[in-house]
Ligand SMILES: [Zn+2]
């Protein structure tokens, strides 16, 4: 079973920090007995807070361009300064031949090139789109350009944890949300990324910038961005943990738009997240306030041919079904949400799929959750009684807003959706 990284500092143990730091210094210089290898805890590895988060903001690129209000230093993998790019100009970076990148046509050899304007300001980045350069996004921190084995380049943004959290909050909440909802979202976004930083310390990046991880689009300079930054500062260093045999452990704080009535368990995904706060079954009608087709949706009608086409696009063996005869839910959670479906084909063959995979193949915004009734009629598949929007794991975001609107505090809200969790300070 995958277990969350151990957290060293709980808010109740803050007084122990100076003592632990003294022990750390002592162990480094005097070889104190009893300290052993340190198995986690970034504050023990460095006197500064956490290392920067490494966010993959561009993958398998052939080029991108950047600009900054200050000179941008170009460094190699050892952070040795190779040169500078002038301020304000747009500089085009392209994958170079035989390892290395070209910046404005000049080749810089190395499989990792750093771009940093120091702390004098963010860097604007724009990516190639079909009709030219896309709208620039503004990224704090620095950039790392990694040359892949196939010659393409990956672009990673190294950014302070709280700057990252503020950006995620600004893109993952609805602007109308209450202050305590912003704060709860900040704690959840921070927990998620700190958990990933612990798990993926040897990988090339910690998180991606999309919904695969959390949506991150750099700095947002508007009212929502400022409210997100305030919530991040207010909760700085706080994460969700659960108590496991006397130790605080992080867990993956999943969240989705609206649970539709009851949260589901992470265990059905078999991802090793079977920990008490993620076991699901949390009843919630607070998300009734969600607008549009979020709390309830459907009926959604799709032609059987379209269902087959969409399934086959993702799972090529579905072509053997030869058409859709019927769709059967073959496993449900205790809360009655479908977990697994079997698609019976006109050819006599059948295909089993996890309900979430089935939904995503048909379109995440069309089939808005796995909590549905489904029936196939002649030439048509109908989804009815849809409940909720998103995977329904962990925090229900509209429920969070519903609770914040009636005066609940961020900590109370998170303890409701992640049973057994507590607030712990990691920096
Ligand atoms: Zn809910």
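Just so it is clear, none of the values below were taken in a lab; they were calculated from the coordinates. Predicted model, so just to flag it, every value in this text is computed and none were measured. Here the Cβ is made from the backbone with ideal geometry for all residues, glycine too, and neighbour counts use every protein chain on show.
Annotation for residue 223 and residue 274: the two label points, set 7 Å from Cα along the Cα-Cβ direction, are 4.7 nm apart.
Compared with the alpha-carbon gap, the fully stretched path from residue 92 to residue 69 is longer by 6.7 nm at 0.36 nm per residue. Simple spin-label estimate for residue 350 and residue 326 gives 0.9 nm between the two label positions (7 Å along the Cα-to-Cβ direction from each Cα). Considering only Cα atoms, the convex hull volume of the stretch 190-332 works out to 215 Å³ per residue. The slack between residue 111 and residue 62, meaning 0.36 nm per residue of separation minus the straight C-alpha distance, is 16.2 nm. Here the sum of -39500 (n - 2.57) over DSSP H runs of 4 or more residues, divided by the residues of the chain, equals -7000 deg cm²/dmol at 222 nm, to the nearest 500. Once you have a ≥ b ≥ c as the square roots of the Cα gyration tensor eigenvalues for the chain, tell me rounded if a/c is under 1.5, and otherwise prolate or oblate according to whether a/b is larger than b/c. Oblate, because a/c is 1.5 or more while a/b does not exceed b/c. Under a 10 Å cutoff between Cα atoms, tell me which one of 149, 305, 248 has the largest fluctuation in the Gaussian network model of the chain. Its mean-square fluctuation being the largest, the pick is 149. Annotation: the antiparallel percentage among DSSP beta bridges lying fully within the chain is about 95. Quick check on the stretch 250-359: take the gyration tensor over C-alpha atoms, sort the square-rooted eigenvalues as a ≥ b ≥ c, and tell me if it's rounded (a/c under 1.5), prolate or oblate. Taking the square roots of the gyration eigenvalues as a ≥ b ≥ c, the stretch 250-359 is prolate. With a simple spin-label model that places each label point 7 Å from the Cα along the Cα-to-Cβ direction, the separation between residue 319 and residue 82 comes to 4.4 nm.
Pairs of Cα atoms nearer than 8 Å and 6+ residues apart set the relative contact order; for the chain it is 16 percent. Across the stretch 348-427 the C-alpha pair distances fall into 5 Å bins from zero in the proportions 3, 12, 17, 17, 14, 11, 10, 7, 5, 3, 1, 0 percent. Computed from Cα positions, the angle between helix 223-234 and the longest principal axis of the chain comes to roughly 70 degrees. If R0 is taken as 60 Å, the Cβ-Cβ distance between residue 51 and residue 385 corresponds to a FRET efficiency of 0.80.
As a rough guide to protection, the peptides 249-262, 124-137, 90-103 ranked by mean Cβ packing within 10 Å, highest first, stand as 249-262, 90-103, 124-137.
Each principal axis of the Cα cloud of the stretch 296-387 was evaluated for its coordinate range; sorted largest first, these ranges are 33, 23, 22 Å. For the residues 391, 205, 344, a GNM of the chain with alpha-carbon springs under 10 Å puts the largest fluctuation on 344.
Pairing the Cα long axis of helix 161-172 with the longest principal axis of the chain, what angle in degrees results, from 0 to 90 and rounded to the nearest 10? The angle comes out at about 30 degrees. For a test of the definition: using alpha carbon positions, the gyration tensor, and the 1.5 limit on a/c, classify the stretch 53-159 as rounded, prolate or oblate. It comes out rounded by the Cα gyration axes. Relative to the dominant Cα principal axis of the chain, helix 179-199 is inclined by about 70°.
When DSSP beta bridges are restricted to pairs lying wholly in the stretch 53-159, around 100% turn out antiparallel.
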